[in-house]
Ligand code: MP5
């Protein structure tokens with residue numbers, strides 16, 4: 001019996017909820033997040049996205065050719081996103097040369113470790129990482145300024161469609177993976193849920 005992406009969420013509702021519903025996002029939606037907390041997230045997420053871009057490039061290097069188009073569209077979007085992050089940081093006069101916080105470093109180190117895992121595990125991880133942001137920023141609903149564009153970036157319909165395509169790719173390769181690889185994919189899913197929760201909390205605790 002093979003496992004699919006939607007079954008992973010159904011099997012671990014609590015872990016997934018903690019990854020996608022967090023006081024950080026609720027406070028953005030209420031407009032009560034402190035600028036310093038938001039800025040911490042912004043700088044650390046820029047540092048994360050640099051390593052995440054390398055992560056997606058490594059996945060592309062392992063991908064079957066019929067997965068290229070979707071992964072390349074993801075890399076293209078990441079190129080735009082890094083430019084967008086720099087513009088947002090400049091507006092807020094933030095220093096993007098900051099050191100990564102331990103939580104950010106831990107997540108980036110985990111991404112590096114996934115590079116040596118089977119492709120089915122890598123694709124499951126990629127899908128989970130993107131879905132966490134898609135749902136996290138979408139679930140609270142429209143956010144007030146200045147957070148509207150942040151919620152829209154990851155909550156918009158095109159991004160939702162991209163995440164659905166990633167789900168198809170991951171479920172496709174999981175369907176033919178052996179039990180050991182499927183178990184590894186499940187562990188990766190849970191690890192990512194936990195790292196996503198920690199990433200939101202990191203921004204909240206630095207005041
Ligand atoms: C994403 C992100 C989504 N930016 N940061 C974390 C901590 N998790 C997931 O990645 P992307 O490339 O911004 O869509």
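Overview of results
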| quantity | calculated |
| --- | --- |
| Estimated distance in nm for a label pair at residue 112 and residue 87, the labels positioned 7 Å out from Cα along Cα-to-Cβ | 3.2 nm |
| Cα-derived Rg over Rh, computed across the stretch 146-194 with Rh taken as Kirkwood radius | 1.15 |
| Residue order, fewest to most beta carbons within 10 Å, for 12, 22 | 12, 22 |
| Helix axis angle, 119-138 relative to the chain longest principal axis, alpha carbon, degrees | 30 degrees |
| Least to most buried among 66, 152 (fewest other Cβ within 10 Å first) | 66, 152 |
| Principal semi-axes in Å for the chain [√(5λ), Cα gyration tensor, largest first] | 28, 18, 16 |
| Over the chain: helical MRE at 222 nm, DSSP H runs n ≥ 4 each giving -39500 (n - 2.57), nearest 500 | -26000 deg cm²/dmol |
| Degrees separating the helix 102-114 axis from the principal Cα axis of the chain, which is the longest one | 20 degrees |
| Globularity index of the stretch 1-56, i.e. its alpha-carbon radius of gyration over 2.2 N^0.38 Å | 1.52 |
| At q = 0.11 Å⁻¹, base-10 log of I(q)/I(0) for the stretch 76-180 (Debye sum, equal scatterers on each alpha carbon) | -0.46 |
| Principal-axis tilt of helix 68-91 within the chain, Cα atoms, nearest 10 degrees | 10 degrees |
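Throughout, read-outs are computed from the coordinates displayed, never taken from laboratory work. As the structure is a prediction and not an experimental result, all values here were calculated from the model. All Cβ positions, glycine included, derive from the backbone under ideal geometry; neighbour counts span all protein chains shown.
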